[in-house]
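**Q** Can you read through this structure? Questions will come right after.
The values are calculated or read from the model by the stated rules, or taken from the named source; none is laboratory data. This is a predicted model, so every value here is computed, not measured. Note that we place each Cβ from the backbone using ideal geometry, even for glycine, and neighbour counts take in every protein chain shown.
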Amino acid sequence: MRLQRFVSIFLRNIVILSFFILSSSGQVFAVDADVNARLEALEEELLELQLKQSEKASVTAFDAIRLDFGGFITQTFTSTFNGGSPSKASFDQTNLEFLIGADVTERDSVFVAVGFLRQSDLLSENTGTDVRDRVFAKNANRVPGIIMWGKHRFSDLLDVTYGRFIDPWGIINIEHFPPVLLNLNQPQFLRNVNPGNLFGSNTFIPNFLNGVQAHGAKFFGNNQLQYYGYTSNFNGEGSSDFISGTRLSWTFPDNIATLGTSYQNGVRDESTRDHYDAFGVDLLVNYKNFLLKSEYIQESISEASDRESWYIQPSYRHNKFIFFYRYDYIDLDTDIDSDSTEQTEHVFGLNYVYTPTIRLRAEYVVNDFELEKDSLGQERDYDNIQASITISF
């Protein structure tokens, strides 16, 4: 930086000296425009160097081999009706996410997803109590750092990710991003259902992890084996409590089907110190215009009730339209035979892919509780309609 300043002062003095020499010989008016142009070009070059470097900078700005920038915006409208609770409606979620990916070297890359979220969750009443407590929560504006990771690729058999990354569990949690989701509401085991809060602590498994992950893949003929292994903390909570897990999947020729299994154990609740073990299996079938997704999860928790959930979601694409149905069952306490802990969702949905970057959705959801009435005798079952649009860029 000192050298740049010295060169700038030296060249400026040369220009000024030349100006006076030319002035004394009567040529100043002929070369004045050229002198000014040269001086301005010199100042612009020095300014550019100063913007790119500083005395303490260890690297130069804009050094990535490749830099991608994109994102999406999603708007959702939800209306609830029927049952014993009052009808409610809300533009309940507006989500803007910026996605940034860069290849720093031939083997190193980074990815960042930052969201701006306005959220008004539909809260469920406490199990078996007053359904009038089923309301949309007050608006919450959040700016979460959703995903932030770096990755080093050793080979096809091994790459290592470090930072905050998506929990590699099952199918839909890995897909994660709204531009590719048929239904913005994830299966019940991935939602905080009692009551609801996006990415809350009552999900069966974390949506995101903070730690380190190993991943790799190998082909056996036309079949592919893929694995994940990780150790992490949950959502930044319980900094001394760890979650570890693994996932294995086998993909058949032409991607016609993928069979996977996942396992996870650890402590994620710093207050209760409950240890849990979760096991799951999943199946994805992709044949022509037909797509089927299904997952099953069982979770055992020390000093708490065991839980299980499963869903099956077939879909069919015709031109720009995608028709789908999802049967989604959850039981928050398999230790006892009680209707109050069981719930089933039936989702009837339609997607219209207007362009590859614009997706419109409409769903009709039937919420069926095994415990049919609350403590005041009101019907617990209810329906809701949801419409949404996602624009990617």
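**Q** Quick check, is ALA102 over 23 Å from GLN213 (Cα atoms) and without any contact (Cβ under 8 Å) to a residue 40 or more places away in the chain?
**A** Numbers: over 23 Å from GLN213 (Cα atoms): no; without any contact (Cβ under 8 Å) to a residue 40 or more places away in the chain: yes.
No; evaluated as a whole, the condition is false for this residue.
**Q** Would segment 329-349 turn up any residue that is within 28 Å of ILE301 (Cα to Cα), touching a Gly at 6+ places or on another chain (Cβ under 7 Å) and acidic (Asp, Glu)? Spell out how you get there, then give the answer.
**A** Restricting attention to segment 329-349, the residues satisfying the condition of being within 28 Å of ILE301 (Cα to Cα) are 329-346.
Subset that is touching a Gly at 6+ places or on another chain (Cβ under 7 Å): 340.
Next, only the ones that are acidic (Asp, Glu) stay: none.
No, segment 329-349 contains no residue that is within 28 Å of ILE301 (Cα to Cα), touching a Gly at 6+ places or on another chain (Cβ under 7 Å) and acidic (Asp, Glu).
**Q** Same structure again: Only one of (1) exposed (fewer than 14 other Cβ atoms within 10 Å of the Cβ); (2) acidic (Asp, Glu); (3) modelled with pLDDT under 85 is not met by GLU125, so which one is it?
**A** Every listed condition holds for GLU125 apart from (1).
For every residue, the table says whether it meets (1) farther than 14 Å from PHE234 by Cβ; (2) in contact with a Lys or Arg (Cβ under 7 Å, 6 or more places away or on another chain); (3) at pLDDT 95 or above; (4) among the polar types (S, T, N, Q).
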| position | (1), (2), (3), (4) |
| --- | --- |
| GLY260 | yes, yes, yes, no |
| ARG268 | no, no, no, no |
| THR272 | no, no, no, yes |
| VAL281 | yes, no, yes, no |
| ASN286 | yes, no, yes, yes |
| LEU292 | yes, no, yes, no |
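**Q** Still on this structure, please answer the following. Considering GLY236, GLY216, GLY229, which residue is assigned by TED's automatic domain parsing to the domain that holds PRO168, closer than 23 Å to VAL110 by Cβ, at pLDDT below 95 and surrounded by fewer than 19 Cβ atoms within 10 Å (Cβ to Cβ)? Quick ask: steps written out before the conclusion?
**A** On the way: GLY216 fails: at pLDDT below 95; GLY229 fails: at pLDDT below 95.
Testing whether each residue is assigned by TED's automatic domain parsing to the domain that holds PRO168, closer than 23 Å to VAL110 by Cβ, at pLDDT below 95 and surrounded by fewer than 19 Cβ atoms within 10 Å (Cβ to Cβ) leaves just GLY236.
**Q** Which residue is modelled with the highest pLDDT, if the candidates are limited to segment 318-344 and must be more than 29 Å from ARG361 (Cα to Cα) and polar (S, T, N, Q)?
**A** THR334
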